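**Student:** Sharing a structure with you now.
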Amino acid sequence: MYGPSGAAQISPDRTIAYATVTFDAQADRVPVADTTRVMRTAESVADSRVENALGGGAVSNATSSSNLSTE
């Protein structure tokens, strides 16, 4: 759930929101297991009303090494 400081990340009509995940290492040094955990968490909430998209170097690295979908 977004707190008061995250209100700018939600559109006025509340149909679009975004979150940023920042790892504490460069993308090529983030363990694939850590990135995969984030990806699976995002995928677990996707349904007919919720769509998500993931991107960035860590996601690309995890996807190429494990053949996971990023959409």
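**Student:** Please enumerate the residues belonging to region 1-50 that are within 25 Å of ALA62 (Cβ to Cβ), at pLDDT below 90 and hydroxyl-bearing (Ser, Thr, Tyr).
**Tutor:** Once the filter is applied, which keeps residues that are within 25 Å of ALA62 (Cβ to Cβ), at pLDDT below 90 and hydroxyl-bearing (Ser, Thr, Tyr), region 1-50 yields TYR18, THR20.
**Student:** Applying the selection to region 12-44, what residues are outside any helix (DSSP H, G or I), surrounded by 10 or more Cβ atoms within 10 Å (Cβ to Cβ) and free of Cβ contacts under 8 Å to residues at least 12 places away in the same chain?
**Tutor:** The first filter runs over region 12-44 and keeps only residues outside any helix (DSSP H, G or I), leaving 12-26, 30-31.
Going one step further and asking which of them are surrounded by 10 or more Cβ atoms within 10 Å (Cβ to Cβ), we end up with 16-18, 21, 23, 25, 30-31.
Matches in region 12-44: ILE16, TYR18, ALA25, PRO31.
**Student:** Could you grab me the full set of residues in region 4-49 that are closer than 29 Å to SER64 by Cβ and among the charged types (D, E, K, R)?
**Tutor:** If the condition is that a residue be closer than 29 Å to SER64 by Cβ and among the charged types (D, E, K, R), then ASP24, ASP28, ARG29, ASP34, ARG37, ARG40, GLU43, ASP47 are the ones that fit.
The values are calculated or read from the model by the stated rules, or taken from the named source; none is laboratory data. Just so you know, these numbers come straight off a predicted model, no measurement behind them. Using ideal geometry, Cβ is built from the backbone for each residue, glycine included, and neighbour counts are taken over all protein chains shown.
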